[in-house]
Amino acid sequence: MSDGPTDLPAPREAPDAGPYWQAAREDRLVMQNCYGCGTYRFFPSLLCPECGSEEQVWGPCSGRGTIYSLTTVHRAPSPAFRKIVPYTVALIELEEGPRMMTNIVGEGRNEAAIGDAVEVCFEARGTDAKVPQFKLAGA
Amino acid sequence: MLRNKAIIAGAADSDVGKVPEMSGLALNAQAAQRALADAGLALSDVDGLITAYSMTEPYFMLGSVLAEYLGITPSLCASLTVGGATPGIALHQAAMAVATGEAEVVLVTAGENRATGQSRDDAVKALSHVGHPYFEMPYGPIVPSFYALIAQRYMHENGTTREQMAHVAVAARAHARMNPAAPAAEALSVDDVLASKPISSPLNMLDCCLISDAASAFVVTKPERAPDLPHRPAWLLGIGQCHTHEHVTMAKDLTAFGSAHSGAKAYAMAGLGPADVDFAELYDCFTIVPIIEAEELGLAPKGEGGQLFESGETRIGGRCPINTHGGLLSYAQAGASGGMHGIVEAVRQLRGGEGVRQVAKHDIALVHNEGGVLSSHCTMILGRDAQ
Ligand SMILES: [Zn+2]
């Protein structure tokens, strides 16, 4: 997968995740942080799944995590992804707790393994969007 | 408490495989007609109808559409969408309806023309919508990817091997080749599975279930009708559900799932345990899945589901035959029909007389359905007799 602009689909931006996508445009990863219990959560939601509180702030994340699991995709779901097979889909466990799905991009991406340290980067999509992606730490 | 409160009076599948001359509704109607005939009943006896969903014929209200198509006017009707867990959950609903007297004869159907009703590309595209539209789909996963993520983590933590997963597919094919209703197919070896086309590592083409035209149906009624039936019914002894997440990203753990909980509920209701199970029909959309389910449901110790399949004990003739019809891997998979074929097979095996496929001891069957990405679970324990 190249690290430059692609014709991969722009993300669909749900109304309750505006700050997440706006931060991504600015190369920042943010997630909802609960005032009630301090938990970071993802996917975004109105109520904290831990304590039920509605009070939250979009807090900055370190962007650091480890690979929880990963798979190399050989059969893509659409023509845009077909151009870049094989590519890696992974679940990342963030330092803050939540897991998120990503591709592994950049140097060494084909040798990535469970437990490897990764850090966030951002990939341009569509005309004015970016999606968080992860690369091996230090790559 | 539903133990002994409902029976499956009849069960049947439609023609399965490639059936291009039939619509999805027609497949459901064919299965329904056969299941009702098996129960010695007619469409006019049906006062409850529960069906599933269809990707190839995505009607807005499939239950009502099927009632209209069958020409019936039930007093209870619904379409359920719980992925592969739908048939079990429909059985649960149907059993509650007959146990409370809200319905007398509930017809349950599922299935669609997934092999010929859409192009292969459309099939892959439609199924990819199982992923989260905002936070998963931007990364290009396909359905096998979600299960591949589980398989990879499971192999990492429990030492499950690719060869053990291949044995699941090999056993399923061997059983399908003993099943006259299954699509004709060559015998498989472990090497064939390992050498098949990579889809989403570690899953290859032969680790993935079929895409079929198929429907399935069963008829649930109250136990008082048992003596009047043309065939021995299957008794619902225990049933349990558990729903832990929908998207794989949100699963708390990729090595422990809701099937342990749905199984515990079903066993408790039945007053039985894993040692009482004579044979099992597990959900096998991908080869890793029945390995996990066998462990979660107590048919193998934790971390040893792979060895169970490798040992040959899951073959017909073995200690615990599993997926005696050939499963989703080698019999049929058409959306929600996948798990229902296992229910139909269990009803028939309990009755006896399945020829070369008949398991030796057939008093207690365990059936497990799961939907999503090991997200929604329903475990059923069916008996040849009331318990
Ligand atoms: Zn909270």
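The values are calculated or read from the model by the stated rules, or taken from the named source; none is laboratory data. Bear in mind that the values here come from a model prediction, so they are computed numbers and not experimental data. Neighbour counts run over all protein chains shown; Cβ positions are idealised from the backbone, glycine included. For the accessible areas, the whole protein counts, side chains as well, though only heavy atoms, and no ligand, DNA or RNA atoms are used. Shrake-Rupley method; radii C 1.70, N 1.55, O 1.52, S 1.80 Å.
Please work out if B:PRO144 is within 14 Å of another protein chain (Cβ to nearest Cβ) and either touching a Phe, Trp or Tyr at 6+ places or on another chain (Cβ under 7 Å) or not in a helix (DSSP H, G or I) (or both).
Yes, satisfied.
How many of the residues in segment A:6-31 are within 13 Å of another protein chain (Cβ to nearest Cβ) and touching a residue at least 24 places away in the same chain (Cβ under 8 Å)?
15
Pick from B:PRO138, B:PRO133: which is buried (at least 24 other Cβ atoms within 10 Å of the Cβ), within 13 Å of chain A (Cβ to nearest Cβ) and not aliphatic (A, V, I, L, M)?
Exactly one of B:PRO138, B:PRO133 is buried (at least 24 other Cβ atoms within 10 Å of the Cβ), within 13 Å of chain A (Cβ to nearest Cβ) and not aliphatic (A, V, I, L, M), namely B:PRO138.
Open to solvent by less than 10 Å² (accessible area, probe 1.4 Å), within 26 Å of B:HIS243 (Cα to Cα), outside any helix (DSSP H, G or I) and not assigned by TED's automatic domain parsing to the domain that holds B:GLY326: which single residue out of B:ALA110, B:ALA78, B:ALA94 fits that description?
Answer to the check: B:ALA110.
Only one of B:ASN4, B:ASN28 is modelled with pLDDT of 95 or more and part of a loop (DSSP other than H, G, I, E, B); which?
Criteria check complete, one pass: B:ASN4.
So, in segment B:364-376, exactly how many residues are assigned to a loop (DSSP other than H, G, I, E, B) and out of contact with any helix residue (DSSP H, G or I) (no Cβ under 7 Å at 6 or more places or on another chain)?
Qualifying residue count for the region: 1.
With the condition kept exactly as written, say whether any residue in segment B:148-161 is farther than 25 Å from B:SER376 by Cβ and within 14 Å of chain A (Cβ to nearest Cβ).
Checking segment B:148-161: at least one residue is farther than 25 Å from B:SER376 by Cβ and within 14 Å of chain A (Cβ to nearest Cβ).
Exactly one of (1) at pLDDT 95 or above; (2) within 26 Å of B:HIS129 (Cβ to Cβ); (3) away from the ligand (no atom under 16 Å from the Cβ); (4) not charged (D, E, K, R) is unmet by A:THR127. Its number?
Result: A:THR127 fails condition (1) only.
Within segment A:13-62, count every residue that is outside any helix (DSSP H, G or I), away from the ligand (no atom under 13 Å from the Cβ) and modelled with pLDDT under 95.
Adding up the residues that qualify gives 2.
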